[in-house]
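Down below is the structure, laid out as structure tokens.
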Amino acid sequence: MACLGQFMVLLDSTIVGAALPDMQARLHTEMTGLQWIVNAYVLLVAMLLLTGGVFADRFGRKRVFLSGAVVFTLASVVCALAPSLNWLITGRVLQGIGAAAMSPGSLALLAAAYPVPQERVKAIGLWAGFSGIGLAAGPLAGGILVEAFDWRAIFFVNVPIGVILLLAALPILRESRNPNAPAIDIPGTILSILAVGTLTYGLIEGGARGWTSPVILGSFILAVVFIAVFVTVEARSATPMMPLRLFRSALFTVSNTAMVMVGFSLMGSVFFLSQFFVHVQGASILNSGLETLPISLAMAIASPYAGRLAARYGFRIVVTVGLAVAGLGLLAFGFVHSDTGYANVWWRLAVTGVGFALTMSPLTGAAIQSVSPQESGLASGISSTTRQIGAVLGVAVLGAIVTTREAGGASFGASLNTVFMVAGAASLVTAVFTGLWLVKAKPAESVGPEPRRQVQTVD
């Protein structure tokens, strides 16, 4: 059931991308409006994932997970019935709140159920496999639903999934929590939300308003101030929501740093895939969903094996290879043009999907294994937060590249070629970073520490 919840969250990520061309036509919005349809969700997820992980550890992972599922399902109804762009963005905000509770809750439930590191890595691989299936189903399901109805259908599809999840999970899932969880760090919670919120707002709006506009510069300045105050408060707090000691672990720090770049390259490039096939190659929305399928299908197939490979060879080797493969796939896709036949396109997407599949679950597993089982909700929240911040960076920065290139006279297709190459280069640079760290790392760090204490489980 935890995996099904993650499936629903990831399905929503890619199914929306397939519907963006139809949304643009029916809602009469420009690129900025499309970015907000995606980023309103990503923004709230990024702001609240850390809080969701802390709440899951303290109040019960099952409780927080199922509460998120209720909010996500109801928010999907709001999106489906939205009469305007502003209402749709409001619904996406509510979806983000629900997803911020579901995602760390689902991962923490798995971590509590599998306290042995090697078994936990394999379970996280299965969790990542369901995530990959959700990613894979999104473009095709979105194309079919939009072709048969319109963009509203992609949100209605979440309702039966949410209902099935709730009815099945209530009797099956066992509650677990951290019995030693400290009181909620209210100042830290507020400061973390403000810091991530101001930073992501500036990244989202920077391309449209201009990176030197007073509003954008002000948001970045506020973000720096909030981050500095947050670090100071957390360092002095007896019960911080994000213990800074976690970052003394090289395993934890490097895995989260790499996760930022995974979010940047993966979600930033996926945002533009459907638009590339529709607006550059002239495909229908249904065909664009089919044509983007190789990247998601490859992730669905390869993700379960990533956990097994990481358990056997260590996460650093698997992650370094995965990032390099993903980067090469994106660079290759950057050479696709309007007249490139699909026989010479699909394999580039498949290579990219395999690379990211080898990367995501080992990075997540490494972050969780570097802390005690009692803090698994917090660790999963931090890991998911860094990925979402990377996703915001990807959509915002790559979107700004498109806007800037088009303003300079480049075609939309040429602008997208640049986007895919930048995403690929970012993945390759991150691969070099993890590879160099691999050389310096101790062999004992390749899997992660043994759990220090069992988690209290409540029937």
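Since every read-out is calculated from the coordinates, none of them should be taken as a lab result. Everything numeric in this text was worked out from a predicted model, so none of it was measured. Reconstructed Cβ throughout: ideal geometry from the backbone, glycine too, with neighbour counts over all protein chains shown.
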Inset, instruction - Write down, largest first, the equivalent ellipsoid semi-axes of segment 186-240 in whole Å, where each equals the square root of 5 times an eigenvalue of the alpha-carbon gyration tensor. - result: 26, 9, 6
Legend entry - ³J(HN,Hα), Karplus 6.51/-1.76/1.60, whole Hz, each residue of segment 405-416, x for Gly, Pro: 5, 5, 5, x, x, 6, 6, 4, x, 5, 5, 5
Inset, instruction - Find the centroid of the Cα atoms in segment 293-342 and in segment 39-96, then give the distance between the two in whole Å. - result: 29 Å
Legend entry - ³J(HN,Hα), Karplus 6.51/-1.76/1.60, whole Hz, each residue of segment 235-243, x for Gly, Pro: 5, 9, 6, 6, 10, x, 6, 10, x
Inset, instruction - Once you have a ≥ b ≥ c as the square roots of the Cα gyration tensor eigenvalues for segment 155-307, tell me rounded if a/c is under 1.5, and otherwise prolate or oblate according to whether a/b is larger than b/c. - result: oblate
Inset, instruction - Return the distance in nm (one decimal) between the two label points of a simple spin-label model at ALA414 and PHE247, each offset 7 Å from Cα along Cα→Cβ. - result: 4.2 nm
Legend entry - Spacing of the two label points (7 Å from each Cα toward its C-beta) at ARG308 and ILE186, in nm: 5.1 nm
Inset, instruction - Tell me the label-point distance for the pair THR404, ALA425, using the 7 Å Cα-to-Cβ offset, in nm and rounded to one decimal. - result: 1.1 nm
Inset, instruction - Sort the following peptides by mean Cβ neighbour count (other Cβ atoms within 10 Å, averaged over residues), highest first: 336-348, 51-63, 413-425. - result: 51-63, 413-425, 336-348
Inset, instruction - Kindly list the residues of segment 47-76 that lie in the label zone of ARG236, defined by a backbone N under 15 Å from the point 7 Å along the Cα-to-C-beta vector. - result: none
Legend entry - Burial order of peptide ranges 163-176, 294-307 (average beta-carbon count within 10 Å, highest first): 294-307, 163-176
Inset, instruction - Per residue of segment 159-169, in order, report the coupling 6.51 cos²θ - 1.76 cosθ + 1.60 (Karplus, θ = phi - 60°) as ³J(HN,Hα) in whole Hz, putting x for Gly and Pro. - result: 5, x, 5, x, 5, 4, 4, 5, 5, 7, 6
Inset, instruction - Scan around GLU175 for amide H atoms under 5 Å from its own, H built in the peptide plane at 1.01 Å from N, and keep only partners 5 or more places away or cross-chain. - result: VAL458
